[in-house]
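J.: Here's a structure for you.
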Amino acid sequence: MGEPAQRRLIRKLDLERFLSKIKPHPTPNVKLEQYTLSESAAATILYLAAYTYGGIVDKRVLDLGCGSGRLALGAAFLGAESVVGVDIDKTAVKVANQNAADVGSKDAVEWVLGDIDAVTGRFDTVVQNPPFGVQKRAADRRFIQKALALGDTVFSLHNHPVFDKRLLGKLKATGGQPLQVGASPFMQRFVKEQGGQVETVYALPLIIPHMFDFHTKAKQEIVVDLYVIKGGE
């Protein structure tokens, strides 16, 4: 038998169109920091994971804190071997399951309702948009610890350490393309303590719409950092 046919590279525009069909959480919980990623930001994360780092196509992928399923379903769309999405919120998992049916991917992702601590197994890749720790200090640290315990490579989104208006301007000038930045000393140290290593960090622009009572603007533009982390051997 010959070599298996190589998967077709999916255009980023097609990925964004697919992700735009995935409905957000209808009643996000501020305590869980349930901010929906835009299709543009989600596509950028998945595209980097898939085509720069080879972490999606034909890989076992885990989405911790999957929300309505945007990253998990996007990974399946790009050709992951298997995808598991986990969330503690019953409504989020219900919406994710409905989204999967709506986009014709009903059996592409296994949805798990439960705390991330309940997850076991081994995955090639973990993608996650964890709580940033704004509402509950250090909430994102549990996700990093768990991701490194389960995955060989982790793609984890975190708040940029400071509001950097100049960096935001640069990102907007590139049309939202990611820019490599340095890791925060804390993250560098914390990841190392968990047996991992920060490979690189990409800054991305993120638009947060008016979602909660304390939001004073129709939308807010911030910088977020995508950490690419290698797990321990």
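None of the figures in this text is laboratory data; all of them are computed from the coordinates on show. Quick caveat: nothing in here was measured; it's all calculated off a predicted structure. In this analysis, Cβ positions are derived from the backbone assuming ideal geometry, glycine residues included, and neighbour counts consider all displayed protein chains.
J.: Could you calculate the contour length gain from Lys192 to Ala118, that is, 0.36 nm times the residue separation minus the distance between their Cα atoms, to one decimal place in nm?
T.: Working: separation 74, 0.36 × 74 = 26.64 nm, distance 2.34 nm.
Here the answer is 24.3 nm.
J.: Ok, one more. Run through region 28-121 and list the GluC sites (Glu not before Pro) located in a DSSP loop whose Cβ has at most 14 other Cβ atoms within 10 Å. Write out the running numbers ahead of the final one.
T.: Values: sites: Glu33, Glu39, Glu81, Glu110; in loops: Glu33, Glu81.
Hits after loop and neighbour filter: Glu81.
J.: Which pairs, out of Lys21/Lys230; Lys59/Lys230; Lys170/Lys230; Lys170/Lys192; Lys21/Lys94; Lys59/Lys146, put more than 22 Å between their alpha-carbon atoms?
T.: Values: Lys21/Lys230 31 Å; Lys59/Lys230 15 Å; Lys170/Lys230 28 Å; Lys170/Lys192 30 Å; Lys21/Lys94 16 Å; Lys59/Lys146 19 Å.
Among Lys21/Lys230; Lys59/Lys230; Lys170/Lys230; Lys170/Lys192; Lys21/Lys94; Lys59/Lys146, the Cα-Cα distance tops 22 Å for Lys21/Lys230; Lys170/Lys230; Lys170/Lys192.
J.: With a cut-off of at most 13 other beta carbons within 10 Å, and DSSP calling the residue loop, which trypsin sites (Lys or Arg not before Pro) in region 108-204 qualify? Please list them.
T.: Qualifying residues, ordered by number: Arg122, Lys136, Arg137.
J.: Right, another one. Please report how far the C-alpha centroid of region 74-114 lies from that of region 144-197, rounded to the nearest whole angstrom.
T.: The distance from the Cα centre of region 74-114 to that of region 144-197 comes to 25 Å.
J.: If a/c stays under 1.5 just call it rounded; otherwise compare a/b with b/c (prolate if a/b is bigger, oblate if not). Do that for region 12-230, with a ≥ b ≥ c from the square roots of the Cα gyration tensor eigenvalues.
T.: Details: a/c = 1.26, a/b = 1.11, b/c = 1.14.
It is rounded, given that a/c, with a ≥ b ≥ c, falls under 1.5.
J.: Mean separation of Cα pairs under 8 Å and 6+ residues apart, divided by the residue count of region 12-230: what relative contact order is that in percent?
T.: Details: 439 pairs, mean separation 38.2, N = 219.
Once normalised by length, the contact order is 17 percent.
J.: Between Leu167 and Arg17, what is the spin-label point distance in nm, taking each point 7 Å from the Cα along the Cα→C-beta axis?
T.: 3.4
J.: Here is a follow-up. Counting other beta carbons within 10 Å of each Cβ, put Leu157, Leu15 in order, fewest first. Could you put the intermediate results ahead of the total?
T.: Values: Leu157 24, Leu15 20.
In increasing order of surrounding Cβ atoms, one gets Leu15, Leu157.
J.: Now for a separate question. Using the count of nearby Cβ atoms within 10 Å as a rough guide to exposure, how do Asp140, Asp63, Asp164 rank from fewest to most? Intermediate values should be presented prior to the final figure.
T.: Numbers: Asp140 24, Asp63 30, Asp164 15.
Lowest to highest Cβ neighbour count: Asp164, Asp140, Asp63.
J.: Can you put Ser184, Ser38, Ser20, Ser156 in order of Cβ neighbours within 10 angstrom, beginning with the fewest?
T.: Numbers: Ser184 18, Ser38 21, Ser20 14, Ser156 25.
Exposure proxy ranking, most exposed first: Ser20, Ser184, Ser38, Ser156.
J.: Here's another thing I want to ask about it. Identify the trypsin sites (Lys or Arg not before Pro) of region 13-94 meeting these criteria: DSSP loop state and at most 16 other C-beta atoms within 10 Å of the C-beta. Don't skip to the answer; put the middle values down first.
T.: Working: sites: Arg17, Lys21, Lys31, Lys59, Arg60, Arg70, Lys90, Lys94; in loops: Lys21, Lys59.
Answer in residue order: Lys21.
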